[in-house]
Amino acid sequence: MTQRPSFDEDPFISTEVGFESASMLRRGRVVAGMAKGKTSVRGSWSYRIADDFTAGGGQSLTNSGYEKNNYKVDVTWMLNHAHQVTGSFLADNAWGVGYPVLLMDATLAKARIGSVTHNWERHMASRGLKTAETRIYHNTVNHWMDDYQRDVFDRPVMRGMYMPMYGKTRTSGLISRWGFRFGPSRMNLTLDTYQTDSFGDMWMFSVFENIQDMYLLNLGDIRVRHGAIAADWTTPLSERLMGRVNVRWDHSTRDVLNDQAVAILEGRWGDEDLARSYSFGSVSGTVDYALNAITRVRLSFAHVARLPTHVENYGHYVYNYVDGFFYTGNPNLKPERSNQIEVGLERWTSRYGLTASIFGNRIEDYIVGLSDTGLSDNEIYRFRVYQNASSASLVGFEVSAVADVARGFSVAATSSYTRGQNHELNEPMFLIPPLSAQLALRYDRPSYWAEIESRMAMPQERVARQIAVEDVTDGYFVMNVRGSYTLRQSTSLRFGIDNLFDTLYHEHLSFGNLPNEGRNVYLSVSHSL
């Protein structure tokens, strides 16, 4: 959906239709494009509709279907050999979107994304400014949710109440990138600035006549303005050693513009001035050394920060579907600061490739949700406030390999593991996945390919108990088969079966223990004119 118009291809129209059995998903897509003179146009439209999906063992998940469409238009004008301007517009509409593990479903969600991009490239020069790209954009998102199709009498949170919600965001910004070359050295500069306005509210309509309706302002016209400038420098330090340094400076201001929201937060925090300003610098660096023609080692470090989100700063009883608590924002949050080091290895031959890395990361002022001291923390009243914990740490590894084992046959494997620890609470960090791996055997021929893949994960027993009552999850092993066949140059089939043995499982990061799809047979046909 993000591919730009091209001046190098003939006019075309391509279509694709597909079906997936686990959710009775039906989908279709049309893409068309043409170029004439100095103008090139590309457009696409897609539609998807799905019923409630079926998990492993035939369990149907109520309120998991959805319907949506999407369309996009891009027009590029070639001003001359060096300058191009592209206008883009994307619209995405979804309705009847079910969320089985949430309190409510999305009745309608609408996104509109527009941008104008200027590209410049200096073809002949070997030094100095080589490329420049500047994009101006504006995005709008509107989101309506309600629980009118739910049984509100039989749920642990906000029992006996219907809670229709509405939210919107408006984002406008500019991002500009310049690429320089100085002999063997390269430098990239980036300017990134944007403004986001957010609003969210909800009503609480009791099913009991003697209980008065209530109105709750979750996000009271929150405005965030953010600007950043970054520089990235890559240069050879010797015949075998390559160095790279990235520096970045961010400045962000945010405030609450709605008078009612201001009064609520002032009463909660005793602060008449809710405006906040953050400024911080980040730096990262890498040295890459060639041991020989096929093997390289890499050492990287980074000192970066993560700003609190506008919800973490100013949210008012915002439901967090991750742990099922209602969260209050904290205007006094500090940014998280992270120090990371990583060691990596790459080895590539004509028959196989291997990449591996180990890393360690210490996070200071780790932002977490802790019990609100003014409210009970139990199964009926579930309220928390965002706060800074002292620190947390992450260590782990990633490894992947690919090898040609026979003519047309190749094997690919990946594995990763992360161990996290919250030092303030002396317990594992929340939402850390277990050791996982994938192994795939693929057969390639000119007109078709076929693949069998296994995905697996170990049980996760290192779970948080204080910051959240996190579930232990079982390990799983699933098999997938897939392939593609080109009938002729313009028509191809894609087919497969995910979760071949219909295993009932869920990922550790599956919120609300939502199970993955069961056996899913899918087929799609694409055709180009």
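Please report, in debye to the nearest 20, how large the charge dipole of region 113-217 is about its Cα centre when each Lys and Arg carries +1 at its beta carbon and each Asp and Glu carries -1 there.
For this selection, approximately 1160 debye.
Grab the other residues whose beta carbon is less than 15 angstrom from that of Asn119, score K and R as +1, D and E as -1, and report the net.
Details: positive: Arg4, Lys38, Arg122, Lys130, Arg135, Arg177; negative: Asp74, Glu121, Glu133.
Summing Lys/Arg as +1 and Asp/Glu as -1 gives +3.
Whole-Hz ³J(HN,Hα) for each residue in region 502-512, computed from phi via Karplus 6.51 cos²θ - 1.76 cosθ + 1.60 with θ = phi - 60°, x for glycine and proline: what do you get?
Karplus values, whole Hz, x for Gly and Pro: 6, 6, 8, 7, 9, 5, 5, 8, 7, 5, x.
Given charges of +1 on the Cβ of Lys and Arg and -1 on the Cβ of Asp and Glu, with all other atoms neutral, how large is the dipole of the chain about its Cα centre, in debye to the nearest 20?
2620 debye
Please list, by residue number, every one of the trypsin sites (Lys or Arg not before Pro) in region 220-267 that is coil in DSSP and has at most 15 other beta-carbon atoms within 10 Å.
Arg240
Strictly greater than 14 Å: what percent of every Cα pair in region 86-130 meets that?
Tail fraction, whole percent: 69.
Just name one of His123, Leu425, Phe397: the one whose Cα is farthest towards the positive end of the charge dipole of region 12-528 (beta-carbon charges, Lys/Arg +1, Asp/Glu -1).
His123
What is the order of Val256, Val207, Val411, Val385, fewest Cβ neighbours within 10 Å to most? Don't skip to the end; give the middle numbers.
Working: Val256 26, Val207 11, Val411 15, Val385 21.
The order, fewest Cβ neighbours first, is Val207, Val411, Val385, Val256.
I need the phi-derived Karplus couplings for region 319-324: 6.51 cos²θ - 1.76 cosθ + 1.60, θ = phi - 60°, integer Hz, Gly and Pro marked x.
Along region 319-324, the couplings run 6, 9, 5, 5, 10, x Hz.
What's the local net charge at Phe7, with K and R +1, D and E -1, over the other residues with C-beta under 14 Å away?
Residues close to Phe7 contribute a combined charge of -1.
Between [x] 165; [y] 182; [z] 130, which entry matches volume of the Cα convex hull per residue in Å³ as derived from the coordinates of this structure?
Given [x] 165; [y] 182; [z] 130, the structure-derived one carries the label [y].
When the Kirkwood hydrodynamic radius is evaluated over all pairs of different C-alpha atoms of region 156-309, what value in angstrom, to one decimal, is obtained?
Here the Kirkwood hydrodynamic radius works out to 20.0 Å.
Where does each of Arg351, Arg494 land when they are ranked from fewest to most other beta-carbon atoms within 10 angstrom?
Arranged by neighbour count, lowest to highest, Arg351, Arg494 become Arg351, Arg494.
May I ask for the net charge around Ala401, where only other residues with Cβ less than 12 Å from the Cβ of Ala401 are counted and Lys, Arg are +1 while Asp, Glu are -1?
Working: positive: Arg347, Arg351; negative: Glu346, Glu398, Asp404.
Neighbour charge sum, excluding Ala401 itself: -1.
Using Cβ counts within 10 Å as a stand-in for footprinting exposure, how do Ile341, Ile222 rank, fewest first?
Ile341, Ile222
Using +1 at the Cβ of each Lys and Arg and -1 at the Cβ of each Asp and Glu in the chain, identify which of Phe326, Tyr162, Tyr289 lies farthest towards the dipole's positive end.
Tyr289
Every number here is computed from the coordinates shown, using simple stated rules; none is lab data. All values reported here derive from a predicted model rather than from experimental measurement. Glycine also receives a Cβ, built like all others from the backbone with ideal geometry; neighbour counts cover every protein chain displayed.
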